[in-house]
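Some notes on the structure that comes next.
The values are calculated or read from the model by the stated rules, or taken from the named source; none is laboratory data. Bear in mind the structure is a predicted one, so any value in this text is a computation, not a measurement. Heads up, the Cβs are rebuilt from the backbone with ideal geometry, glycines too, and the neighbour counts pull from every protein chain shown. Each accessible area value is taken on the protein alone, full model and side chains, heavy atoms only, with ligands, DNA and RNA left out. Shrake-Rupley method; radii C 1.70, N 1.55, O 1.52, S 1.80 Å.
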There are 2 protein chains.
Amino acid sequence: MARDECVIGIDFGTLSGRAVVVRVRDGAELGSAVHDYAHAVVERELPETGERLPPDWALQDPGDYIDVLRTAVPDALKAAGVAPDAVIGIATDFTASTPMPVLSDGTPLCRVEDLAARPHAYPKLWKHHAAQRQADRINALAEERGEPWLARYGGRISSEWEFAKALQVLEEDPDVYDRMERWIEGADWIIWQLCGEETRNACTAGYKAIFQDGRYPSEEFLAALDERFAGFVADKVAGPPLLQLGSRAGSLTARAGAWTGLPEGIAVATGNVDAHVTAPAAQAIEPGQMLAVMGTSTCHIMNDEALAEVPGMCGVVRGGITPDLWGYEAGQSGVGDIFAWFVDNAVPPRYHEQARERGLDVHGLLSQLAEDQDVGEHGLIALDWHSGNRSVLVDHELTGVLVGLKLSTRPEDVYRALIEATAFGTRKIIETFDDAGIAVRELFVAGGLMRNRAIMQIYADVTRHSLHLIGSEQGPALGAAMHAAVAAGAYPDIHAASEAMGSVRRDVYRPDEARADAYDALYERYSVLHDHFGPGGDDVMHALRRLRPRERVRD
Amino acid sequence: MARDECVIGIDFGTLSGRAVVVRVRDGAELGSAVHDYAHAVVERELPETGERLPPDWALQDPGDYIDVLRTAVPDALKAAGVAPDAVIGIATDFTASTPMPVLSDGTPLCRVEDLAARPHAYPKLWKHHAAQRQADRINALAEERGEPWLARYGGRISSEWEFAKALQVLEEDPDVYDRMERWIEGADWIIWQLCGEETRNACTAGYKAIFQDGRYPSEEFLAALDERFAGFVADKVAGPPLLQLGSRAGSLTARAGAWTGLPEGIAVATGNVDAHVTAPAAQAIEPGQMLAVMGTSTCHIMNDEALAEVPGMCGVVRGGITPDLWGYEAGQSGVGDIFAWFVDNAVPPRYHEQARERGLDVHGLLSQLAEDQDVGEHGLIALDWHSGNRSVLVDHELTGVLVGLKLSTRPEDVYRALIEATAFGTRKIIETFDDAGIAVRELFVAGGLMRNRAIMQIYADVTRHSLHLIGSEQGPALGAAMHAAVAAGAYPDIHAASEAMGSVRRDVYRPDEARADAYDALYERYSVLHDHFGPGGDDVMHALRRLRPRERVRD
């Protein structure tokens, strides 16, 4: 390959899109640019009409995605000082599941004039949680019918995924449902816009659209949910090629070339997902290498050769991370957002002042104060279920717990206990994988929390794993760029691309034996609380939800 | 009686002493004055030498008590505009157990020149908690020997009481122990200073010195604790008359007359204790009338005709509140101090700002915000064990719990949950009394927390009791003044004095049926948690204490 060939990776996040220009030879990130979505997340009212949205809705405007192509890509090229004709391929990653209703030519339904005022005509962002009722019915029916695919998702289909959201459209706005000709992930729609052809990627098809062992859920199953839903897969989902990650979806169209300033005809890679695409960027795609993408929540991604049913996992998908292996996903619903909640709601003024004096933010101050403590010194144990528990209990109605409060308990004590709780939660996931025969041999970390030294050391000590940290600050976009390089033929597969272009700092945090021993004793206690308030024992958390006066429930 | 006769009641608190001049005829409070102790609570170092005290110590300087007589009494007379010769009697109440070593003439050992540098020569304030080891041994031995008095104290003698503290003196400074000729409660020592004669009162003898059925613990028991302790009762405690509350201990000496500006020879009542003396001031001394004195902690006081063993009570003493009945005491270790801890450690800046804007303190703001909530709205349950649980579990190693935390949980939610937890704790005590056959028929409240409307309404709703609030802001001093009136012969007994001089506002807060029903369901859940983390189930709280690294334990 020529020494100056480049690829572009674009990371479509929740609030913005980031384009990065990456050198094919070695993965050097030559320049990047960010474009904030003008409509951000539409949660309160529909901009078009001012109509108030019901609780738990979260929409987006697809025009914002196109604007990323129009602005961030040329800006990144400029920042990199790279001539457009050096670019041999382009790839993306996207939030998921973020499905949208479109016409058969790809036009979003919300751009069809008489439908612009209809909330259901817009993309439903991953954090649209208003289809829980539909998800409950899907799960109940799947269990009743013994659908074989249910176990591939830890026994539970999420309200965030394609089927629950589509069923909500059908039930709440059947006209929009009838008029939508395709129901497509943003991850695939953006590729359609780039190469002019509708495709589906193996990752979202598997994790979000229940595509297992070569098929989607059966027509009989769909009909049993709702007669009108029987043809959903056949009519609106299936049909176009279902492509492996890193394959070439097509070539850049003239129109997309005009948007981006890139040459018509370069390779466009198949769609991909933010967490999964990060694994090759962190060189964490071999069997047994678990990547934890730690931000507001944590997503755990791991390849293995074997297929197993891991209790409480989010999903296992053949080719879900790389085409040749089974890709496992697990998750912790709340991590960074629990720390943020704590700082916003439970830290007194003197800590804010002290942080200012030391030139730190409050997280920084609390981390410093917490870092010096011995294991067990604060005498607390927390359960990190402030937004429920995804893996391994799969129960979003669970809630957070603090045990051990004393009049001498200080904010940094609770802060540390909350960090430890999330670390215990990660250990619980790792042990569950190990017990299911999918051994976690190495632990990699990406995401914003990897910059917090206190958190990282606690995770190393609690899990007894050395932590390998991704070398890039722009993991998802870098991972996307690697797939672009593969799609363009610069590397034979993603393993080769990852080896050449990825970067990881190995063993940045190593477990301390004494602290790890001390944590074993605390983890044992955590597990007792976990099992008591989770699957068995005291169902007080559900009871507290039931006992809330209906009209004043706030979440 | 002459229409203008007065009595003086003096309340010796933890940080100050308050004298109140009270009209005998109707209990009108004519004037009062406060004197702050110059030495406050001696917890860190001995003022005499600067010697650092060990953890959990709390001493006082007896000179501060005399200064109250010298300053607060004349100031109160002046404030009342009452001539000294209108005063017919004086009485006191005191913190307890606050024992001190003295010579046979009443001289505190810390005033003996060569002992002023010895920490054990000073009074040990009620909250001196450094004699836990001794208390543990007393309890173990009492249980082993089947001492009949143990059941009178809910099965557990406190480290705060006279025997544990005296044993600590013996073991840690045998020389001071040998040279102390009397071991006496501050409650009795101050009476000695007023009337020149050593007496003991039935209240502290019963609740704090294990005086039951006419005797103290036996010489055999004491010898089994420590050979050198065998003569403790005979040599240093017993001897002087053990007087009923409201009896006349003696007459004011010329010396005390000079201190106070009061006429020599007026009646001095027997010593008394702050919580117990408040009951007649609140007209809460008939059987079945429970008084909750609610401040940093809560003390529950109730008379009954019957003797019963109530699990977890602090004590039952014949004549402990009034001479004619069995006086029961129970307690919650942490109440107001839990709310104070929360405000100091867990309320973010914007609440402090909002409080300032509204001209409230943070408690006031949180109470206002919490007050409007429906029962169960916040979805939380707390256990109020931040400084352990006195009644009914008698376990000071228990710790606080919060269940139900969500990312939407706000400070006022937790604040309300903590208030509710203390109310549930009170209900647990009431139910335990009821179950033991000592029926709680009415609930009276005194103490600083009665001014908080949100707290009071929650207590009414949780307990299904109307709350009767003491009419006086100076309950203990008023109660003491009543005993002075009885001792001076103005009333035949404390019942008559209470009826004439006490004041109570009845039914200030009434339970709301709907809210009470809703609380029943939450209380049921509280009880499950209570029993799980308390007597049985998960001993995680003790485990967390054991797992703390020893050298860094902070409390």
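Of note:
- Value of D in µm² per second that Stokes-Einstein yields for chain B, Kirkwood Rh from Cα pairs, at 37 °C (0.692 mPa s): 136
- The trypsin sites (Lys or Arg not before Pro) found in the range B:51-133 that occupy coil by DSSP, while having at most 16 further C-beta atoms within 10 Å, are B:K127.
- In the range B:363-397, burial by the other protein chains removes 40 Å² or more of 1.4 Å probe accessible surface, compared with the chain on its own, from B:D374, B:E377, B:H386.
- The range A:411-555 - accessible surface per residue (Å², probe 1.4 Å): 36
- Stretching the chain fully between B:R111 and B:L15 yields a gain of 32.5 nm (0.36 nm per residue, less the alpha carbon separation).
- Assuming charge only on the beta carbon of Lys and Arg (+1) and of Asp and Glu (-1), the dipole of the range B:6-269 about its Cα centre is about 720 debye to the nearest 20.
- Accessible surface buried at the A:B interface totals approximately 5000 Å², computed with a 1.4 Å probe on protein heavy atoms.
- Straight-distance crosslink candidates among lysines, where the alpha carbon sits under 20 Å from B:K406 and sequence neighbours closer than 8 are dropped: A:K127
- Figure legend: label point modelled 7 angstrom from the Cα of A:A83 along Cα→Cβ; residues of the range A:240-283 with amide N under 16 Å from it are A:262-264.
- The range B:304-387 - accessible surface per residue (Å², probe 1.4 Å): 32
- With contacts taken as Cα pairs under 8 Å at a separation of at least 6 residues, the range A:160-264 carries a relative contact order of 29 percent.
- Å² per residue, accessible surface of the range A:6-269 at 1.4 Å: 36
- For A:E473 and A:S104, the difference between the fully extended length at 0.36 nm per residue and the C-alpha to C-alpha distance is 129.1 nm.
- Whole-percent carbon and sulfur share, accessible surface of the protein assembly as shown, 1.4 Å: 47
- Our summary gives chain A a relative contact order of 15 percent, counting only alpha carbon pairs under 8 angstrom and 6 or more residues apart.
- Modelled FRET efficiency - R0 45 Å, B:D178 with B:D36, Cβ distances, 0.05 increments: 0.85
- Whichever lysines have a C-alpha closer than 18 Å to that of B:K124, once near sequence neighbours (fewer than 8 apart) are set aside: B:K165, B:K208, B:K236
- Remark: the A:Q354-A:R133 segment gains 74.9 nm on full extension, using 0.36 nm per residue and subtracting the alpha carbon distance.
- Antiparallel DSSP beta bridges within the range B:6-269, percent to nearest 5: 70
- DSSP beta bridge pairing in chain B, given as percent antiparallel to the nearest 5: 70
- Reported to the nearest whole Å, the Cα centre-to-centre distance from the range B:460-524 to the range A:73-134 is 68.
- With R₀ set to 30 Å, the beta-carbon distance separating B:A28 from B:D512 gives a calculated FRET efficiency near 0.30.
- Cα pair distances exceeding 22 angstrom across the range A:6-269, given as percent: 56
- Point-charge dipole on Cβ atoms (K/R +1, D/E -1) for chain A, about Cα centre, debye to 20: 640
- Rounded FRET efficiency, nearest 0.05, which uses the C-beta distance separating A:A254 from A:S527 and R0 of 51 Å: 0.30
- Relative contact order [Cα under 8 Å, 6+ residues apart], the range A:6-269, whole percent: 19
- Put simply, the amide H of B:E185, placed in the peptide plane, has neighbours under 5 Å in B:M100, leaving out anything fewer than 5 places away on its chain.
- Shielded residues, the range B:403-446 - accessible-area loss of 40 Å² or more between chain alone and all protein chains, probe 1.4 Å: B:V403, B:L405, B:K406, B:L407, B:S408
- Annotation: the antiparallel percentage among DSSP beta bridges lying fully within the range B:1-100 is about 70.
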